[in-house]
Structure formats: C-alpha cells, structure tokens
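> The structure's right below; bear with me while I get my questions together.
The values are calculated or read from the model by the stated rules, or taken from the named source; none is laboratory data. Values in this document were obtained by computation on a predicted structure and should not be read as measured data. Because the Cβ atoms are built from the backbone with ideal geometry, glycine has one as well, and the counts that use them run over all protein chains shown.
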Amino acid sequence: MLTLKENMMRVYNHQEPEYQPLYSDFNSAMPAGMDFINERPEIPGTNLDWFGQSWTWEEKTHAANPTPGKPLLTDITKWREVIKFPDLDVIDWETHAAKDTANWDRENKMSRVTVGFGLWERLFSIMPFEDALCALIEEPEECYEFFGAIADHKIRLHDKVIEYYKPDILCMHDDYGNNANLFMDPETWRRVLKPHLKRVVDAVQSKGVIYEHHNCGYFAPLMDDMIEIGIGATNPVHSSNDIVWLKENYGDKMTFLGGFDAQMYCRPDATEEEILADLEHVFEVMAPGTSFIPLCISFWSKHMPFIGQQIARLAAKYHGPRP
C-alpha cells in the first residue's frame, strides 16, 4: 500500500489515489507569533503587527481583526510613507522551524506550511475595507505598485520559510470574494493583482514547492487565471463556487481542499441531519476520481466530532480502507 505521502502526491498530480487522503495526512505548520511571522497577532487583546497595524481579538469570530477606527493607512497614495517592511534577517528562523517541525514525519507525510495575508488582504487590513475598494477604482496605478511591494515582501518571506521549513506545499491566504461575489470585477483583479500573484507563485515553484492558495469566499470567475499562473491547489472551496462545475471543468487541473458549506456547520442551530446532507453531497461530487482532499474549516463548530466521524466514513465509502 502507498505511504500517506505517496498517496497524497497522487492527488496533487491529479491521479487516482489508492485511498482517500485526509487533512491529517499532512505534516502541517502555520508559523506565527509576536516575535516571529507577525502578519496578524492572533492573541487576546489589542496588539500591533509588524507593519504597525493595530489588531483586536474578537471572541465571537475566534480571530483578530483590524482595530476599528485605527487604520494604518487612509490614502493609498501615501503608502510609501507609511509602510515599513520588517527585517526578516533578524529572525531566528532555524530555532522556530526546528520547534514547529520537530514532530514531522517527512518520510511518510507531505509537509505543508501556511502563511497568511497576501496582497489584497494586506491592503484591506491596513485601510478601511470600503476605502480599499474605492482605491481600486480611483487609484489603480497606486494599488498596482502597492501590491507589487507586498509581493516582494511575500517572496522574501516565503524564501525564508522554504529554506528553513523545507515544505512540499506552501499555502498563502488572499481572499478575493465574499459568500457570493468577488470583491472586485475580474478585470480589475487581472490588472492590479494577477501579475504580482504570478510572481509569488513563480517564486515558490522555482524552489520545487507546490503553491496552494487559500480563498475563503467566491472565486469561480478567476479559475482559469489561477490555473494559468500555476496555482496547484485551493482551499477551502466554499460551496458558493458551484463544486459540480468546478469538478467537471477543473478536476484534472486543480486540487480542491474542501467544498463544504463550512459556515452552515458553525451555526448554533445547525443540525447533524443538514450537516450530513452537505457532507454526503460534497463527497458524491468531489470524491470520485482525484483532486480532492476533504479539508473542513469548521474548527469551532460544536459538531466537529460528528463531522470528523462522517468524513472518515465517507472516505472509506468512496476510496476503500485506509492504512
């Protein structure tokens, strides 16, 4: 029987797996910390990231969000005066990486590192969201230059992560849509973001590492572009993207981690019956063939034990017993 690593690699290569890979089959790390990769301080209270943006922890959403009324930037034309990039050379990368990867089984599992806050997310984290949207329309050239500078920073950061963590896969966050729509029209995305995202993807792949892209919301109109610039996988593939269409048209070109209605799973009134119906639908659509890993980002759902049990059951149903 194939090792977890060999079996997972088949899915990333769009080949039929011997058994259904699960998210637990990865060695995983999401390195962060106030003294480390401080793209967003994920700790209680109000704290600054390494650009100087203030963040406040919100218990309701289980995350830190930009502190209301304290944007780092209000005028996109002033970004050069405001943004000070962190010195990545002062970080003790070797010590942090050794700690985060101490329990990794590199021989039998693929290794995956997630680094948050891509180009667009950085803009709407330092500016009020509505101002960031207006900037795309009013100052597209300045936005293009800003995204280019952030891309340069991400490339430097990813180079460090790859050098010390030595992952097989690097995942960057950059959300381009809400539940049902893109935040901007596709042509705007193609003009101001796509060229710089391609540079980020190319830099990761030049190191022999698979680039995976995290986008919580709707992204379907950008699928051809994402494949064109070399994105190898995407998560969490929110159900609004029409997973039937995605599987039929891109199942041999893109690896999908997810496809579930994860927000529904987290509703206080969500029932096991409706969750099970969605789980079974996703497996029915996505599991046959290849290019599917059942990543379910519903960590704070009260139904997580049930969800995990059903994913294991459905994995066996569609791809047989696991080792």
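> Could you list, in sequence order, the residues of the stretch 247-266 that are within 14 Å of HIS14 (Cβ to Cβ) and part of a loop (DSSP other than H, G, I, E, B)?
If the condition is that a residue be within 14 Å of HIS14 (Cβ to Cβ) and part of a loop (DSSP other than H, G, I, E, B), then GLY251, ASP252, LYS253, MET254 are the ones that fit.
> Could you go through the stretch 300-312 and let me know if any residue there is touching a Gly at 6+ places or on another chain (Cβ under 6 Å) and either closer than 24 Å to CYS171 by Cα or assigned to a loop (DSSP other than H, G, I, E, B) (or both).
No: the stretch 300-312 contains no residue that is touching a Gly at 6+ places or on another chain (Cβ under 6 Å) and either closer than 24 Å to CYS171 by Cα or assigned to a loop (DSSP other than H, G, I, E, B) (or both).
> Continuing with this model, one more query. Looking at the stretch 43-75, which of the residues that are β-branched (Val, Ile, Thr) and in a strand (DSSP E or B) is nearest to the chain's Cα centre (by Cα)?
Checked the stretch 43-75; the qualifying residue nearest to the chain's Cα centre (by Cα) is THR56.
> Given the condition of a type outside the set (Gly, Ala, Ser) and outside any helix (DSSP H, G or I), answer yes or no: does some residue in the stretch 151-162 qualify?
no
> Quick check on this structure: which one of ASP269, ASP252 is within 23 Å of PRO221 (Cβ to Cβ) and surrounded by fewer than 14 Cβ atoms within 10 Å (Cβ to Cβ)?
ASP252
> Taking ASN103 and the conditions (1) modelled with pLDDT under 95; (2) within 30 Å of ILE210 (Cβ to Cβ), which numbered condition does it fall short on, given that it satisfies the others?
(1)
> Please work out if GLY33 is among the small types (Gly, Ala, Ser), surrounded by fewer than 17 Cβ atoms within 10 Å (Cβ to Cβ), part of a loop (DSSP other than H, G, I, E, B) and at pLDDT below 95. Before the answer, list the steps.
Details: among the small types (Gly, Ala, Ser): yes; surrounded by fewer than 17 Cβ atoms within 10 Å (Cβ to Cβ): yes; part of a loop (DSSP other than H, G, I, E, B): yes; at pLDDT below 95: yes.
When the stated conditions are applied, GLY33 passes them.
> Of all residues being of a type outside the set (A, V, I, L, M) and surrounded by 10 or more Cβ atoms within 10 Å (Cβ to Cβ) in the stretch 59-68, which is modelled with the lowest pLDDT? Just the residue, please.
Residue satisfying both the conditions and the ranking: HIS62.
Each row is one residue, and each column tells you yes or no for (1) outside any loop (DSSP other than H, G, I, E, B); (2) surrounded by fewer than 19 Cβ atoms within 10 Å (Cβ to Cβ).
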site	(1), (2)
VAL204	yes, no
HIS213	yes, no
TYR218	no, no
ASP225	yes, yes
GLY230	no, yes
TRP245	yes, yes
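> Also, I was wondering about something else. Out of curiosity, is GLY217 within 22 Å of TYR144 (Cα to Cα) and in contact (Cβ under 8 Å) with a residue 24 or more places away in the chain? First the steps, then the outcome.
Details: within 22 Å of TYR144 (Cα to Cα): no; in contact (Cβ under 8 Å) with a residue 24 or more places away in the chain: yes.
Spelling it out, it is not the case that GLY217 is within 22 Å of TYR144 (Cα to Cα) and in contact (Cβ under 8 Å) with a residue 24 or more places away in the chain.
> Determine the pairs where a residue that is loosely packed, with under 13 Cβ neighbours inside 10 Å, located within the stretch 69-93, has a partner that is outside any loop (DSSP other than H, G, I, E, B) and modelled with pLDDT of 95 or more with Cβ atoms under 9 Å apart, the partner being 6 or more residues away or on another chain.
Pairs found: LYS70/THR46; LYS70/SER54; LYS70/THR56; THR74/ASP131; ARG80/GLU145; ARG80/PHE146; ARG80/ALA149; ASP89/LYS160.
> Return the residue satisfying two criteria in turn: it lies in the stretch 100-159 and is charged (D, E, K, R) and under 30 Å from PRO323 (Cβ atoms), and of such residues it is surrounded by the fewest Cβ atoms within 10 Å (Cβ to Cβ).
Of everything passing the filter in the stretch 100-159, GLU107 is surrounded by the fewest Cβ atoms within 10 Å (Cβ to Cβ).
> Identify the residue in the stretch 5-24 that is touching a helix residue (DSSP H, G or I) at 6+ places or on another chain (Cβ under 6 Å) and buried (at least 21 other Cβ atoms within 10 Å of the Cβ) and, among all such residues, is nearest to GLY251 (Cα to Cα).
By that ranking, first place goes to PRO17.
> Among the listed residues GLU274, GLU284, identify the single one that is in a helix (DSSP H, G or I) and either more than 16 Å from VAL237 (Cβ to Cβ) or in contact with a helix residue (DSSP H, G or I) (Cβ under 6 Å, 6 or more places away or on another chain) (or both).
GLU274
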